[in-house]
Each structure stands twice: as C-alpha cells, then as structure tokens.
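Beneath this line is the structure, given in structure tokens, with notes to follow.
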Amino acid sequence: MTTFSPSPVRRSPSKWPDRALALVGAIATLLSFGLFVWLVWDLVRLGLPRLSWTFLTAGVEDAGRSGGIGPLLVSTLWVLLCCLTLAIPLGTGCALWLSEFVRRGSLLARLVTGGVDLLASVPSIVFGLFGMVFFSQTLGLGFSILSGGLTLACMILPILVRTTLSALEALPADLRPAAAALGLSKTTATARILLPAAFPGIVVGITLGIGRALSETAALLFTSGYSTRTPESLSDSGRALSVHIYDLALNVANGAPMASSSALVLLAVIFVVNAAAVTLAESWLRRRLSFS
Amino acid sequence: MTSPDTSRAGETAPCGPPGCCGSSNLCIADLSVHYRDLTAVRGVTLDIPEGEITALVGPSGCGKTSFLHSLNRLTDLIPGCRVTGSIHLCDGTEITHPKADVLELRRRVGIVFQRPNPFPQSIRRNFEIPLKEHGWSQRDIPDRIEQVLREVGLWNEVSDRLHQNATSLSGGQQQRLCIARALALDPEVVLFDEPCSALDPIASGVVEDLIHSLKGKLTVVIVTHHLAQARRIADHAAVFWMKDGAGALVEHGPADRVFSAPADPDAALYLSGARG
C-alpha cells in the first residue's frame with residue numbers, strides 16, 4: 001500500500017498577477033474609450049455651433065465655407081443605398097455557398113476565402129482607381145452615384161462575406177443534421193433555419209459595412225465625383241459627405257469649422273443608420289422566431 | 001440481398017425483398033459502413049420487426065450509431081462515408097438505392113438524436129417548417145401540432161406558450177419536442193440514438209416511457225448504453241461488437257432470449273457486465 005508523506009506547507013497562489021492584469025485591462029479600456037470620447041467631444045465643440053436645420057437642408061455655397069450640406073446628404077444616402085443593394089445579396093450569397101455548398105477546407109473553399117481576405121486588405125484608393133476604370137470608363141457609367149455605389153459595394157463585400165460566413169459557421173453543429181433528419185431540403189434548411197439563426201451576425205456585418213461605406217473617401221473621389229448639386233438620378237454625379245469633409249479640410253481655406261460640422265453630421269448619420277438597421281433586424285427576428 | 005436491378009426506389013411490392021418476411025419493417029442485408037479507409041460496420045444482416053422496439057447495444061465505438069444513421073441515409077451528410085449492402089422498407093422501397101427520394105425516406109424513417117436539437121425558433125415554427133415542407137396545409141397544422149404534443153405529454157406544459165423559443169424549454173421537454181417533431185411527419189420507423197443519455201434521471205424516465213408507448217404504433221430502433229433500459233423496453237435486441245477492426249452484429253433475437261441466454265461468448269460477457 002502506498003503511504004503519502006505529509007505535504008510541505010504551501011503558499012496559496014499570489015493574487016498579484018490577477019490584479020495587475022485587471023489594472024492593465026482597465027487602463028487599456030480607459031484609453032480606448034477616452035479616445036472615442038475625446039474625438040466626439042472635439043467634433044461637438046467645433047461643429048455644433050453651426051448645426052441648424054438650414055445647414056442640413058441648404059445647398060453648398062462658397063466652396064463649402066457657407067450654406068449647408070443638403071444635397072450631399074442626399075448623394076451620400078443614394079450611394080449607400082446602391083452599395084447595400086448590391087453588396088448584401090452578393091455577400092450573403094457568397095457566404096452561403098461557401099458555408100453550405102462547398103466542403104469546408106476544400107481547395108475551392110480555401111481559394112475563394114483567400115481571395116475574399118485579399119480583397120479586404122486592398123487599399124481603398126485602389127478600389128477607387130478600379131471603379132474609375134471599370135464602372136466609370138469601361139461600363140460608361142461616368143462619374144455617378146451608381147459608379148460610386150458599385151465601387152463601395154466591391155469594397156465592403158469582403159466584410160459582409162466574412163461576417164456572414166463566421167455567423168453561419170458559428171451556428172450549433174447539430175442544426176444541419178436536425179434539419180436533414182426531418183427530410184428538409186437544403187434550400188428550406190438554409191432559408192428557414194440557418195439564415196434566421198445567423199441573422200444577428202449578418203446584421204453586425206451589415207452595420208460594419210455601412211460604417212465603412214459612409215466614411216469612405218478615396219474610393220469615391222474618382223467614381224461618384226465632386227458635384228455639389230442634388231442628384232436627380234443614379235447617373236448624376238454627387239459628392240458624398242466624406243468627400244466633402246476631405247475637400248473642406250484640405251482644399252478650402254478656412255474650411256475646417258464647416259468640416260467639423262459635416263463630420264458631426266456624418267457621425268450622426270452612421271449612428272442613426274446603424275441603429276435603424278439593428279432595430280429593424282431585431283424586430284424582424286422577434287416576429288420571425290416567436291410570434292409567427 | 002437484392003440488387004438495384006430487381007428493386008427500385010419507390011417501387012411498391014406486397015412484401016420486401018427475398019428473405020425479408022412480411023412482419024419486418026426494415027430488412028437490412030450485408031450492410032457495411034466505411035469512412036474512407038476505415039470500416040466502421042461490416043456485413044450486418046438484420047430484420048427489424050414491424051411495430052416493435054429493437055434495441056442496439058454494445059460498447060462505444062462498435063458502429064451502432066453509424067449503423068443507425070445509415071438507416072435513413074444521414075450518413076450521406078458525412079464526407080467520405082460510403083455504405084454498401086442494402087436496406088429495404090417493407091413495401092420494397094430500397095433506402096440504399098442511389099436514386100431513392102432521400103427527403104421522403106427521412107420523413108418515413110425519422111430520427112431523434114442524443115442531444116435535443118430544437119431549431120432556435122418558436123415551438124410552433126419547429127413543427128410548421130417540416131410540416132409545410134412535406135405538404136401539410138396551413139389549415140391542418142395547428143391540429144397536428146396539438147395532436148403530437150399531446151402524444152408526447154407536452155401539450156399541457158406548452159399549449160399557452162407555443163410562440164416562445166423552443167430552446168427556452170428544459171432538456172427533457174426539448175427532447176420530447178424533438179420526438180413530437182419527428183412523429184408529426186407520420187413516420188413508419190423512428191430511430192433513437194441514445195435519446196436519454198443527455199438527460200437527468202427523471203426526464204430520462206419520462207422519455208423512456210414515451211418510447212415504450214410507441215410500441216405497436218410504429219417501428220422503433222433504439223441505440224442505448226443503458227442495458228437496464230434495453231431490458232425494460234425492447235422486444236428485440238441486437239448486440240454489436242468489434243470483430244477484426246470493425247463493428248459487427250454478434251447476437252440478435254428476442255430481447256428475453258438475448259439478455260438471458262446469449263449464444264455469443266462476447267455478447268454474454270458484455271450483457272453480464274463482465275466486459276465492455
């Protein structure tokens with residue numbers, strides 16, 4: 001029979017590493033959040049005095065030094081609409097195909113995901129040049145809302161594909177066999193079970209995409225153009241807010257205060273569009289999952 | 001064994017293939033399941049009697065689940081999995097036929113898994129989706145849901161909250177919901193893959209009684225590690241064992257006989273608790 005020798009008196013584990021880790025974490029959080037608060041405060045301080053209903057609705061005057069940003073808001077929202085109309089179905093479709101119809105880890109799947117990841121790392125100015133050559137010149141769309149929207153769609157596509165793919169792959173592994181065991185076709189399983197279950201993750205991707213699209217300047221400089229008039233159709237040129245801010249800050253003397261006001265509006269637009277997307281998605285989800 | 005030439009998918013015959021008697025619901029002949037180079041199950045020939053409960057027992061890793069999943073072609077979902085041999089339903093439909101209507105087959109041969117797997121949607125949607133897929137009209141669906149939920153004893157517990165997410169139910173309730181969902185499609189055979197192993201003893205007892213109550217109404221095949229459970233509910237028993245590196249059927253017959261006087265020495269040791 002084994003006899004155990006009495007164990008030596010042991011010190012309990014030190015609490016210092018845990019405390020140090022918590023402190024480092026707290027400092028990092030404070031710095032990150034502090035930076036955000038500082039940025040917003042700066043914009044509010046510089047931009048709020050000029051904000052008014054007139055500023056939001058009036059046209060651009062004196063190269064942006066006076067007047068408002070009404071037409072630019074319209075252009076921005078049209079570019080965003082074009083972009084999302086193309087990018088959401090394409091991104092979701094691509095992610096669905098990769099997740100449900102191609103064997104994970106196969107050469108084809110690795111090739112496509114590798115390509116998508118590569119696309120995500122392409123600088124936006126390159127997308128801008130591509131958009132100018134392909135959409136504006138080759139397809140003859142010129143400097144237009146449509147050219148800008150399509151270029152932005154190419155740019156946010158990798159974000160949508162990646163987030164949707166991650167959302168689908170993170171679903172419980174037994175959902176697919178459960179659907180197959182009930183004799184459900186792949187289409188039904190995907191449309192009625194997998195996509196609704198992955199919906200919150202897809203919405204995260206869309207909000208990230210919206211943020212990226214609304215704040216993009218380089219890709220729009222060469223595609224949607226500079227015109228400050230209100231676009232009357234998708235083939236009209238239109239200046240997005242982000243392009244306007246860039247122009248005011250760099251090319252217009254004494255344009256900085258107006259740039260701050262425009263940036264504050266852009267921030268608010270991103271916030272409102274994201275909040276609207278999340279609210280719509282949540283209410284759809286609640287209706288779909290609970291009360292149908 | 002019947003070759004694909006003599007029995008086509010969907011073909012209806014007065015009885016199954018040669019060697020399959022009329023009282024059997026599933027006739028399995030020389031069935032093997034391979035995962036690429038690995039053989040999980042080799043050469044199983046077994047008739048599953050209609051309207052009775054057949055328990056598949058044996059130690060872990062001897063191919064019981066692979067065998068069970070081949071009975072409604074769930075093995076199709078596993079890349080690299082290959083099934084040889086034949087499985088016939090009593091009307092002559094060959095499950096293993098390459099052109100078999102797999103979706104309809106899975107309606108006729110349902111399965112309930114080890115872990116409850118309701119869809120993360122409302123209780124009602126969990127029934128509506130499969131029922132609509134298999135052609136039930138929207139008008140008949142509410143009655144059908146009530147009928148099967150009563151059958152599994154869940155109606156009184158959930159009738160006022162059919163709109164709630166099914167994942168909010170307890171583990172035992174979720175498993176009964178999954179059984180009800182499989183029963184809703186009017187199957188002829190229901191396969192149970194260790195249906196109680198993820199449940200607490202009380203929920204396990206409720207599910208066991210429920211499975212027992214299905215006897216006479218449809219054919220049940222259950223994989224279980226609880227020998228006591230198999231003794232309590234099974235009419236027939238089949239013992240699987242590892243032979244030459246692959247799972248094999250070493251003993252089968254009426255449960256009383258298999259549990260009291262098994263002929264195979266490995267089965268005898270396993271059933272007495274001396275091995276496995």
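Some values worked out for this structure:
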{"read-out": "Qualifying residue in segment A:169-189 (condition: over 29 Å from residue B:107 (Cα atoms), free of Cβ contacts under 8 Å to residues at least 40 places away in the same chain and surrounded by 17 or more Cβ atoms within 10 Å (Cβ to Cβ))", "value": "no"}
{"read-out": "Residue in segment B:250-268 that is within 25 Å of residue B:73 (Cα to Cα) and among the aliphatic types (A, V, I, L, M) present", "value": "yes"}
{"read-out": "Residue list for segment A:190-225, filter: more than 19 Å from the chain's Cα centre (by Cα) and without any contact (Cβ under 8 Å) to a residue 60 or more places away in the chain", "value": "A:191, A:192, A:193, A:197"}
{"read-out": "Wholly within segment A:138-239, helices (runs of 4 or more DSSP H) carrying at least 3 residues that are touching a helix residue (DSSP H, G or I) at 6+ places or on another chain (Cβ under 9 Å), within 30 Å of residue B:174 (Cα to Cα) and not small (Gly, Ala, Ser)", "value": "A:145-169, A:175-181, A:195-214"}
{"read-out": "The one condition in (1) on the phi > 0 side of the Ramachandran plot; (2) within 14 Å of chain A (Cβ to nearest Cβ) that residue B:69 fails to fulfil", "value": "(1)"}
{"read-out": "Segment B:222-236, residues that are surrounded by 19 or more Cβ atoms within 10 Å (Cβ to Cβ) and either under 8 Å from residue B:53 (Cβ atoms) or basic (Lys, Arg) (or both)", "value": "B:222, B:233, B:234, B:236"}
{"read-out": "Which listed residue is under 13 Å from residue B:57 (Cα atoms), touching a residue at least 60 places away in the same chain (Cβ under 8 Å) and polar (S, T, N, Q), from B:224, B:219", "value": "B:224"}
{"read-out": "Given (1) surrounded by fewer than 22 Cβ atoms within 10 Å (Cβ to Cβ); (2) away from chain B (no Cβ under 14 Å); (3) touching a residue at least 40 places away in the same chain (Cβ under 8 Å), number of the condition residue A:149 does not satisfy", "value": "(1)"}
{"read-out": "Candidate set: segment B:77-104, residues that are within 14 Å of another protein chain (Cβ to nearest Cβ) and charged (D, E, K, R); chosen: the one farthest from residue B:217 (Cα to Cα)", "value": "B:101"}
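Residues are listed down the side, and each one gets a yes or a no for (1) of a type in the set (Phe, Trp, Tyr); (2) within 9 Å of chain A (Cβ to nearest Cβ); (3) under 19 Å from the mean Cα position of the chain (by Cα); (4) at negative phi:
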residue	(1), (2), (3), (4)
B:75	no, no, yes, yes
B:106	no, yes, yes, yes
B:111	no, yes, yes, yes
B:117	no, yes, yes, yes
B:123	no, no, no, yes
B:127	yes, no, no, yes
B:136	yes, no, no, yes
B:140	no, no, no, yes
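Read the figures in this text as sums done on the coordinates, not as results from a lab. Everything quoted here is computed from the prediction, not taken from an experiment. Note that we place each Cβ from the backbone using ideal geometry, even for glycine, and neighbour counts take in every protein chain shown.
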